[in-house]
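Following: one structure in structure tokens, then a few remarks.
Taken together, the values in this text are just the output of simple stated rules run on the coordinates, not laboratory data. All of these numbers come straight from a predicted model, not from anything done at the bench. Here Cβ is always computed from backbone atoms with ideal geometry, including for glycine, and neighbour counts include all displayed protein chains.
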Amino acid sequence: MEVSQTKIDWPSAYSCLPFTTLQAGKYGLRTIDWEDRIPIRNWRNSQIDVLRQSHSLSEVEQYDYFKTIVLPQLGDVEPKQILFGFLHNGTLIGYGGLVHISWLHDRGEVSFLLDPTRANGESYVVDFKAFLGLIVEVAFVHLGFHRITTETIVERTEHLAILEASKFVLEGRLVGHRKTDSGYADSVLHARISSATA
């Protein structure tokens, strides 16, 4: 099956947000774009081990996901997910946002993935901290959420340390929750409440 070459009419912002871009120094978030589907697919396929993804995504699957899931939610007043391109000096280096949103309970789960060339070492620490600062602003200032959560595989110790340095509080551990190449791994749950200081 071939991917359609038909141009997609893509909104510049989510209906539920008052901005198209949010900037903090060299870093920024902008509404996810149709063209982002290509690098995001590559990044996801190369980092399946840290994602809740069971197989490599095909071009067709990614096209369909953006067209049938991402696109319609841009116009929703209460979308189930809100995704952004994550920029450094105007260049796309990752993506993420809030997923599994409950508007009834004013909460969502943080989603984040970097270009794998930046996914290790000191740049990862700086990038992830910057992303968390921006997504906290989105959630608590612009959306009025009460709570945001994360779920992380236990082996990602650096990732977990950055979360805790960013005022995400450890709430629990799901034992043997994720199947990996070497067996089953625990997932660690963190959350940040809107009343936590910046």
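If each residue of separation counts as 0.36 nm, what is the full-extension length gain between residue 122 and residue 167 once their alpha-carbon separation is subtracted? Walk me through the numbers before you get to the answer.
Working: separation 45, 0.36 × 45 = 16.20 nm, distance 1.94 nm.
Roughly 14.3 nm would be gained on extension.
Given axes a ≥ b ≥ c from the Cα gyration tensor, I'd like to know whether the stretch 21-146 is rounded (a/c under 1.5), prolate (a/b larger than b/c) or oblate. Show your work: numbers first, answer last.
Details: a/c = 1.56, a/b = 1.06, b/c = 1.48.
Oblate, since a/c reaches 1.5 and b/c is not below a/b.
What 222 nm value per residue comes from the helices of the chain, counting each DSSP H run with n ≥ 4 as -39,500 (n - 2.57) and dividing by all residues, nearest 500 deg cm²/dmol?
Values: 5 runs with 45 residues, N = 198.
That comes out to -6500 deg cm²/dmol.
How many nm separate the modelled label positions at residue 35 and residue 68, each set 7 Å beyond the Cα in the direction of the Cβ?
2.7 nm
Of 31, 166, 101, which is farthest towards the positive pole of the chain's charge dipole, taken about the Cα centre with +1 and -1 on the beta-carbons of Lys, Arg and Asp, Glu respectively?
Farthest towards the positive pole: 166.
Residue 186 versus residue 9, label points 7 Å from Cα toward the beta carbon: distance in nm?
5.2 nm
Taking the Cα centre of the chain as origin, sum charge times position over the Cβ atoms of Lys and Arg (+1) and Asp and Glu (-1), and report the length of that vector in debye to the nearest 20. Each step should come with its number before you reach the end.
Numbers: 19 positive and 24 negative charges, 62 e Å.
So the magnitude is around 300 debye.
How about residue 167: which aspartates and glutamates have a C-alpha closer than 14 Å to its C-alpha, ignoring those fewer than 8 places off in the same chain?
Those aspartates and glutamates meeting the cut-off are 137.
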